[in-house]
Amino acid sequence: MSPEMLFNLLWTSLLQTLHMVAVSGLVGSLIGLPIGVFLATSARGELFPAPKLNQATGLVVNAARSTPFIILVVAIIPFTRLLAGTSIGTTAAIVPLTIATIPFFARLVEAAVRDVDKGLIEAARAMGATPMQIVFKVLLAEARPAILLAFTMTLVSLIGYSAMVGAVGGGGLGDLGIRYGYQRFMPDVMLAVVVVLIVLVQLVQSAGDALARRFDKRNRKS
Amino acid sequence: MTASIARPMVAFEGVTKHFGEGETAFTALDGVDMAVGRGAITGIIGRSGAGKSTLIRLVNGLEKASSGRVTVDGTEVGGLSDTGLRGLRREVGMIFQHFNLLSSRTAFDNIALPLEIAGLDRAAIAAKVGPLLDLVGLGDKAERYPSELSGGQKQRVGIARALATSPKLLLSDEATSALDPETTQSILALLKRINAELGLTVLLITHEMEVVKTIATDVAVIDRGRIVEQGRTFDIFTAPKHETTRSLLASTLGTSLPEWLRGGLKAEAAAGDRILVRLTFFGATAFQPLTARLVAEIGTDVNILAGAIEEIAGEPFGTLVVAYPAAPEVLARADRFYAETGLATEVLGYVA
């Protein structure tokens with residue numbers, strides 16, 4: 001394979017990966033965020049007490065998280081077809097990736113929100129804040145660095161998951177590695193794919209860390 | 001105290017509070033009756049677990065009483081809807097032991113938080129926060145984050161934040177317990193100034209007698225969920241009636257006996273023993289040169305074993321532990337002298 005061909009293959013696959021990770025990461029996190037906040041605030045005696053719904057949500061989240069991703073991809077094909085109009089291709093692959101992101105991100109958000117000092121919630125209640133004001137002005141504001149790190153972790157995981165959607169013709173770097181590097185036994189392609197993935201994960205992680213640090217005012221030196 | 005205060009700012013009437021059910025049930029408050037005077041600084045003191053945290057949280061509805069009534073400025077807290085409760089909380093500021101400042105907000109934005117919650121616009125918020133920062137002496141720290149401030153400065157931000165909505169009552173939950181003695185004094189001085197300048201009623205809970213002694217005009221002593229003693233701070237401190245009050249006081253007022261003395265103390269006198277008497281000076285007797293007269297009246301065989309001169313809620317107060325021969329003629333002379341001068345005395349025991 002000529003270097004030019006290899007480059008073109010890599011470039012197309014990179015764009016497919018970025019497309020899948022970006023869309024499913026954003027959509028999945030946007031849906032996962034309120035679910036995570038709900039999980040963290042709806043137990044007995046908390047801001048929005050709804051213990052039954054809290055347990056039910058927790059159960060669904062756990063079920064979704066314990067389903068191996070490759071099984072999820074195949075299992076929800078009818079749903080994918082309903083939503084994307086097709087069950088194969090990059091756009092179709094975004095559906096299972098998004099579904100997998102929601103519970104993953106929700107659990108991370110739950111942990112981040114639970115980590116906020118309970119004293120701050122009490123102080124806000126003593127000021128006459130409504131539960132919604134406490135969520136937006138206290139919990140999300142204070143948990144922001146941790147939520148940014150959770151989002152970074154989610155993107156990194158998605159980059160890994162996206163390698164599996166080759167099973168439904170999703171394309172992307174992982175798929176390239178499997179089809180060319182493994183099935184056609186082209187180790188140079190495999191190596192190139194791995195290098196690009198490492199660089200990509202590194203960039204995402206560094207950007208996420210930097211952003212989280214910028215918003216973290218807890219350990220500033222005067 | 002309850003009966004003597006007309007239109008109190010806060011009143012507790014037969015208040016009880018239980019936590020949990022069945023086997024694990026715990027009674028935090030057990031029939032509390034108490035009134036907090038308008039414009040006063042009232043201290044509630046007790047050991048940890050005595051119920052004081054629960055008591056103060058009933059005032060702004062962070063906890064709900066199991067039975068009894070809690071009223072703030074005539075409004076019964078337990079009868080308020082969620083909306084009514086939020087309205088009340090805007091009229092009652094609160095400061096905390098661990099400050100509870102948002103780490104993600106600057107000093108300015110922390111003070112602005114209750115105003116944002118109340119729905120004020122940016123201009124109105126800025127107009128309120130600036131003067132508050134100056135009031136607490138942090139005019140130059142507006143853009144600092146809590147992690148860049150010292151403990152005392154954080155509590156000043158906490159105080160400014162509690163004052164932002166111009167409350168009529170300030171609740172202080174162990175506000176100085178995490179601070180060193182010097183910073184504690186400066187925070188107490190600030191609270192005293194705010195009380196005087198703004199006419200704000202202050203209700204504080206603490207386990208430190210020092211805090212009550214320094215700023216509280218009135219005090220209630222709480223023990224195992226009951227108020228065991230309440231009244232003017234000076235009266236309670238100079239003539240404590242309940243055992244809890246005495247033991248809380250002993251460490252602060254220098255009235256506890258040195259270890260070596262307590263060991264040899266006897267309840268009955270034997271021949272040749274010396275009597276140990278605690279003299280208490282306050283009010284008129286605090287200003288008279290009584291020690292010299294004591295020696296002149298009783299004889300030169302008087303020695304001073306312990307003593308301290310204190311200021312309680314702005315009034316002088318002294319104690320002196322003296323020993324002299326327990327001979328009948330000496331005792332008679334001493335009693336005559338005490339009766340004549342009005343000194344308060346307490347016989348502690350006898351030593352060989």
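The values are calculated or read from the model by the stated rules, or taken from the named source; none is laboratory data. Keep in mind that this is a model prediction, so the values were computed, not measured. As a convention, Cβ positions derive from the backbone with ideal geometry for all residues, glycine included, and neighbour counts pool all protein chains shown.
The residue of the stretch B:315-337 that is farthest from the chain's Cα centre (by Cα), among those that are in contact (Cβ under 8 Å) with a residue 40 or more places away in the chain and either closer than 23 Å to B:Glu210 by Cβ or surrounded by fewer than 16 Cβ atoms within 10 Å (Cβ to Cβ) (or both), is B:Val321. The lone criterion from (1) away from chain A (no Cβ under 13 Å); (2) surrounded by 20 or more Cβ atoms within 10 Å (Cβ to Cβ); (3) out of contact with any helix residue (DSSP H, G or I) (no Cβ under 7 Å at 6 or more places or on another chain) left unmet by B:Leu138 is number (3).
For the stretch A:188-217, taking the residues that are surrounded by fewer than 12 Cβ atoms within 10 Å (Cβ to Cβ) and more than 15 Å from A:Phe7 (Cα to Cα), the one that is nearest to the other protein chains (Cβ to nearest Cβ) is identified as A:Arg214.
If you check A:Phe151, A:Phe136, A:Phe105, A:Phe185 for being within 14 Å of another protein chain (Cβ to nearest Cβ), out of contact with any Asp or Glu (no Cβ under 8 Å at 6 or more places or on another chain) and among the aromatic types (Phe, Trp, Tyr), only one passes: A:Phe136.
All of A:Ala43, A:Ala64 fail the test of being in contact with a Pro (Cβ under 8 Å, 6 or more places away or on another chain), surrounded by fewer than 18 Cβ atoms within 10 Å (Cβ to Cβ), assigned to a loop (DSSP other than H, G, I, E, B) and not polar (S, T, N, Q), apart from A:Ala43.
Test A:Gly128 against the stated conditions and say whether it is at positive phi, out of contact with any Ser or Thr (no Cβ under 6 Å at 6 or more places or on another chain), within 14 Å of chain B (Cβ to nearest Cβ) and surrounded by fewer than 23 Cβ atoms within 10 Å (Cβ to Cβ). So A:Gly128 passes the test. Look through the stretch B:12-28, keep the residues that are without any contact (Cβ under 8 Å) to a residue 40 or more places away in the chain and assigned to a strand (DSSP E or B), and return whichever of them is nearest to B:Arg69 (Cα to Cα). Among those that are without any contact (Cβ under 8 Å) to a residue 40 or more places away in the chain and assigned to a strand (DSSP E or B), it is B:Phe19.
Scanning the stretch B:31-88 for residues that are without any contact (Cβ under 8 Å) to a residue 12 or more places away in the chain and over 20 Å from B:Val228 (Cα atoms) yields a count of 9. Selection of the stretch B:91-104 for residues being buried (at least 20 other Cβ atoms within 10 Å of the Cβ) and within 7 Å of chain A (Cβ to nearest Cβ) yields B:Met94, B:Phe96, B:Asn100, B:Leu102, B:Ser104. Screening B:Leu58 with (1) within 14 Å of chain A (Cβ to nearest Cβ); (2) within 22 Å of A:Val138 (Cα to Cα); (3) out of contact with any Pro (no Cβ under 6 Å at 6 or more places or on another chain) gives one miss only, at (2).
Residue count for the stretch B:272-308 under the criterion of being touching a Leu at 6+ places or on another chain (Cβ under 9 Å), assigned to a strand (DSSP E or B) and touching a residue at least 24 places away in the same chain (Cβ under 8 Å): the result is 11. The criterion of at least 1 residues that are among the basic types (Lys, Arg) and modelled with pLDDT of 90 or more is met, among strands (runs of 3 or more DSSP E) falling completely within the stretch B:152-257, by B:226-232.
Pick from B:Gly78, B:Gly46: which is modelled with pLDDT under 95 and more than 24 Å from the chain's Cα centre (by Cα)? Going through B:Gly78, B:Gly46 in turn, the sole match is B:Gly78.
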